[in-house]
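Peer 1: A single structure is presented below for examination.
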Amino acid sequence: MIAAGGVTVLVSERTGSGMDALGGGRLEVVGGCLGAGGSVVVWPHGTEVVDEEPMTIDVPGHGIYGLGDEVEVGGGFVLEHSSQDVRPGPFDIAGVTVPAGCAEHDVFLAR
């Protein structure tokens, strides 16, 4: 987890596999965490914050994105409020703790 410019950037531990759905959308702050398309994203291992103002990240194998840019990443939803009876957060997902405010939103685990 990286705290930068008042935004939490969730970065997963290294994984060798993952889901293959396509996720993403416009890069934005969702519940205090960096996300895309209205969902919080747990970004792939190795994702780094390049700049805090404006928030810009480097996603390994995908490129550099700033707030408002369109981003597409593979992975899958690990928390969907519309399809589950979800208890209040925080949640541990892929080796990172998703804070309660972020866990109020759907969470996409990118790979």
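The values are calculated or read from the model by the stated rules, or taken from the named source; none is laboratory data. Quick caveat: nothing in here was measured; it's all calculated off a predicted structure. Methodologically, a virtual Cβ is constructed for each residue, glycine included, from the backbone with ideal geometry; neighbour enumeration extends over all protein chains shown.
Peer 1: Within region 25-51, can you find the residues that are more than 17 Å from ALA103 (Cα to Cα), surrounded by 14 or more Cβ atoms within 10 Å (Cβ to Cβ) and of a type in the set (Asp, Glu)?
Peer 2: The one that is more than 17 Å from ALA103 (Cα to Cα), surrounded by 14 or more Cβ atoms within 10 Å (Cβ to Cβ) and of a type in the set (Asp, Glu): GLU48.
Peer 1: Taking ASP69, is it modelled with pLDDT of 95 or more and not polar (S, T, N, Q)? Break it down into steps so the answer makes sense when it comes.
Peer 2: Details: modelled with pLDDT of 95 or more: yes; not polar (S, T, N, Q): yes.
Yes; evaluated as a whole, the condition is true for this residue.
Peer 1: Return a yes/no flag: does region 54-61 have any residue that is surrounded by 21 or more Cβ atoms within 10 Å (Cβ to Cβ), in contact with a Cys (Cβ under 6 Å, 6 or more places away or on another chain), at pLDDT 95 or above and not aromatic (Phe, Trp, Tyr).
Peer 2: Checking region 54-61: not a single residue is surrounded by 21 or more Cβ atoms within 10 Å (Cβ to Cβ), in contact with a Cys (Cβ under 6 Å, 6 or more places away or on another chain), at pLDDT 95 or above and not aromatic (Phe, Trp, Tyr).
Peer 1: Out of curiosity, is PHE108 under 19 Å from GLY31 (Cβ atoms), at pLDDT 90 or above, under 14 Å from the mean Cα position of the chain (by Cα) and aromatic (Phe, Trp, Tyr)?
Peer 2: On the way: under 19 Å from GLY31 (Cβ atoms): yes; at pLDDT 90 or above: yes; under 14 Å from the mean Cα position of the chain (by Cα): yes; aromatic (Phe, Trp, Tyr): yes.
Spelling it out, PHE108 is indeed under 19 Å from GLY31 (Cβ atoms), at pLDDT 90 or above, under 14 Å from the mean Cα position of the chain (by Cα) and aromatic (Phe, Trp, Tyr).
Peer 1: Also, quick follow-up: One residue is enough: does region 67-81 have a residue meeting the conditions touching a Ser or Thr at 6+ places or on another chain (Cβ under 6 Å) and under 15 Å from VAL9 (Cα atoms)? Give the derivation first.
Peer 2: Residues of region 67-81 touching a Ser or Thr at 6+ places or on another chain (Cβ under 6 Å): none.
Looking through region 67-81, none of the residues is touching a Ser or Thr at 6+ places or on another chain (Cβ under 6 Å) and under 15 Å from VAL9 (Cα atoms).
Peer 1: Based on this model, can you work out whether GLU48 counts as in contact with a strand residue (DSSP E or B) (Cβ under 6 Å, 6 or more places away or on another chain) and acidic (Asp, Glu)?
Peer 2: Values: in contact with a strand residue (DSSP E or B) (Cβ under 6 Å, 6 or more places away or on another chain): yes; acidic (Asp, Glu): yes.
Yes, satisfied.
Peer 1: Only one of (1) touching a residue at least 24 places away in the same chain (Cβ under 8 Å); (2) farther than 17 Å from LEU10 by Cβ; (3) acidic (Asp, Glu) is not met by ASP51, so which one is it?
Peer 2: Among (1) touching a residue at least 24 places away in the same chain (Cβ under 8 Å); (2) farther than 17 Å from LEU10 by Cβ; (3) acidic (Asp, Glu), ASP51 violates only (1).
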